[in-house]
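Engineer: Have a look at this one.
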Amino acid sequence: MTTPVLPAPPLLAGGRGPLSALTLQVIGAGRRGTGAHEELLRLAAARAADRGPVLEDDDVQLTLFLLYGLHYGWLGDLGDDLEWDLELLQVRQLLEGLHEAELRELAGTVPVPEPTARSVAQALFDLTAADDGPSLARYVARRATTEQALELLALRSIYTLREADAHSWAIPRLTGRAKAALVEIQADEYGSGHPGSMHSVLFATTMRGVGLDDTYPAYLDHAPAVVLASHNTMSLLGLHHRLRGAVVGHLAAFEMTSSIPNRYYRDGFARLGYGEEVTRYFAEHVEADAVHEQIAAHDLAGALAEQDRSLVPDIMLGAAMSLALDGFVGRHVLTAWEDGRSSLRRPLTAGPV
Ligand SMILES: [Fe+2]
Ligand SMILES: [Fe+2]
């Protein structure tokens, strides 16, 4: 097994504000920090007391992303020493409180169906069908320039190079039919025993095929707060047993809004002249997610509702959170593109950090 490559020094050097700068410093120093942990905790407590919005706050979202990164393993040996550091866990908890509160507000009021598999699946399909968020996928199919299409891949790489990992945190938190259904979906995401078919690997091939760097997280510095917020939300939901209903609803909505957009993405990259090597990731999802959405709606979310009716509101809430964040990211990107700007914090053409 290979050790994850440590982030390049510039990643560890550049924060987006006091919290993330100090977090990077703490991670860089490992256990040998000199009071920086306590200072970070003090800063986080002050930020939590301030209660301002965080979903578009670069400093907070990068900090959360780095703290979750300790659990995913991409920080390599640096993360190993700090994964269960008490102060860092406290910092995470403080920021998560702000993040979750704003997310619940953003998701709004959700319908709460009867606790039967049929009703919950139908309510999820109704919710996703009613979603009128902006369609990045349609834009890519018809109008995106090559540079914009590459921006999209860079943005998506934050999640997709680690595809499925965030929802996998939920596996040990479920039981019975719901657990079996989640594992069935995730097995497919992880290539059904074939490493080359893992969706993250297919996406890495797409990135290399267009000339982008597929190491993780090469485009972290390019990714705006809303993209990090989207990934942080999955990590938040997946890593808390009390939120297991929400992570299931999130995954269901994620799968239900994937098949058709991926057809548009495939068409868009084909329109721009890219071949099968680049479009395979998207083509694979046209097929796979048409199946996954059925399993997710009926066998995962529906079964979970029948196992524990008290989770129905959270299942719907998780779905609403997924749709709301998708809309948030979509609006961010399309507004930038319509204005003739890059949707990234700095354009890809600016070269390496
Ligand atoms: Fe996938
Ligand atoms: Fe899927």
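Just so you know, all these numbers are worked out from the coordinates, no wet-lab data involved. Since the structure is predicted, the reported quantities are computational estimates derived from the model, not experimental observations. Here the Cβ positions follow ideal geometry from the backbone for every residue, glycine too, while neighbour counts run over all protein chains shown.
Engineer: HN-Hα J couplings of the range 309-318 from phi, Karplus 6.51/-1.76/1.60, θ = phi - 60°, integer Hz, Gly and Pro as x?
Structural biologist: Rounded to whole hertz, the list is 5, 5, 8, 4, x, 6, 4, 5, 5, x.
Engineer: For every helix of n ≥ 4 consecutive DSSP H residues, a contribution of -39,500 (n - 2.57) applies; sum these over the chain, divide by its total residues, and give [θ] at 222 nm rounded to the nearest 500 deg cm²/dmol. Don't jump to the answer; show the numbers that get you there.
Structural biologist: On the way: 18 runs with 231 residues, N = 353.
The per-residue figure over the chain is -20500 deg cm²/dmol.
Engineer: So for the pair ARG271, SER192, with labels modelled 7 Å out along Cα→Cβ, what separation do we get in nm?
Structural biologist: Reported label-point gap for ARG271 and SER192 is 3.1 nm.
Engineer: Something else: Starting from the Cα gyration tensor of the range 61-197, take the square roots of the eigenvalues, sort them a ≥ b ≥ c, and report rounded, prolate or oblate (rounded when a/c is under 1.5, otherwise prolate if a/b is larger than b/c, else oblate). Don't skip to the answer; put the middle values down first.
Structural biologist: Numbers: a/c = 1.34, a/b = 1.14, b/c = 1.17.
Rounded.
Engineer: Ranked highest first by the average count of other Cβ atoms within 10 Å around their residues, in what order do 202-210, 252-260 fall?
Structural biologist: Values: 202-210: 19.4, 252-260: 23.6.
My ranking of the peptides, most packed first, is 252-260, 202-210.
Engineer: Additional query: How much length, in nm to one decimal, is gained on full extension between GLU287 and ARG42, taken as 0.36 nm per residue of separation minus their Cα-Cα distance?
Structural biologist: Details: separation 245, 0.36 × 245 = 88.20 nm, distance 4.88 nm.
Gain on stretching GLU287 to ARG42: 83.3 nm.
Engineer: So which chymotrypsin sites (Phe, Trp or Tyr not before Pro) in the range 28-125 end up in coil per DSSP with only 13 or fewer other C-beta atoms within 10 Å? Write down the numbers at each step before the final one.
Structural biologist: Details: sites: PHE65, TYR68, TYR72, TRP74, TRP84, PHE125; in loops: TRP74, TRP84.
The qualifying sites are TRP84.
Engineer: Mind checking the full-extension length gain between LEU86 and ALA129? Use 0.36 nm per residue of separation minus the Cα-Cα distance, one decimal, nm.
Structural biologist: Details: separation 43, 0.36 × 43 = 15.48 nm, distance 4.27 nm.
Net length gain for the segment: 11.2 nm.
Engineer: Hey, another quick one. Starting from the Cα gyration tensor of the range 154-194, take the square roots of the eigenvalues, sort them a ≥ b ≥ c, and report rounded, prolate or oblate (rounded when a/c is under 1.5, otherwise prolate if a/b is larger than b/c, else oblate).
Structural biologist: Numbers: a/c = 3.52, a/b = 1.73, b/c = 2.03.
Taking the square roots of the gyration eigenvalues as a ≥ b ≥ c, the range 154-194 is oblate.
Engineer: Quick check on the range 250-353: take the gyration tensor over C-alpha atoms, sort the square-rooted eigenvalues as a ≥ b ≥ c, and tell me if it's rounded (a/c under 1.5), prolate or oblate.
Structural biologist: Numbers: a/c = 3.17, a/b = 1.63, b/c = 1.94.
Because a/c hits 1.5 or more and a/b fails to exceed b/c, the range 250-353 counts as oblate.
Engineer: Same structure again: Within 10 Å, count the other beta carbons around each residue, average over each peptide in 264-270, 107-113, and list them highest first.
Structural biologist: Values: 264-270: 21.9, 107-113: 15.1.
So the peptides 264-270, 107-113, ranked by packing, come out 264-270, 107-113.
Engineer: Work out the length of the dipole vector of the range 9-106 about its Cα centre, built from +1 on the beta-carbon of each Lys and Arg and -1 on the beta-carbon of each Asp and Glu, and round it to the nearest 20 debye.
Structural biologist: On the way: 8 positive and 17 negative charges, 34 e Å.
Once rounded to the nearest 20, the dipole reads 160 debye.
Engineer: Taking neighbour Cβ counts within 10 Å as the exposure measure, how do LEU212, LEU82 sort from fewest upward?
Structural biologist: Details: LEU212 18, LEU82 21.
Arranged by neighbour count, lowest to highest, LEU212, LEU82 become LEU212, LEU82.
Engineer: From the backbone phi of the range 153-160, what are the Karplus-calculated ³J(HN,Hα) couplings (6.51 cos²θ - 1.76 cosθ + 1.60, θ = phi - 60°) in whole Hz, Gly and Pro given as x?
Structural biologist: Running phi through 6.51 cos²θ - 1.76 cosθ + 1.60 with θ = phi - 60° gives 5, 4, 5, 6, 4, 4, 8, 6 Hz.
Engineer: I've got another one for you. With the contact rule set at Cα under 8 Å and sequence spacing of 6 or more, what percent relative contact order holds for the chain? Provide the component values of the computation, followed by the final result.
Structural biologist: Numbers: 509 pairs, mean separation 83.3, N = 353.
After rounding, I find 24 percent.
Engineer: Convert each backbone phi in the range 185-197 into a coupling constant with the Karplus relation 6.51 cos²θ - 1.76 cosθ + 1.60 (shift: θ = phi - 60°), then list the ³J(HN,Hα) values in order as whole Hz, x for Gly and Pro.
Structural biologist: Listing the rounded values in order: 5, 5, 4, 5, 4, 9, x, 6, x, 10, x, x, 9 Hz.
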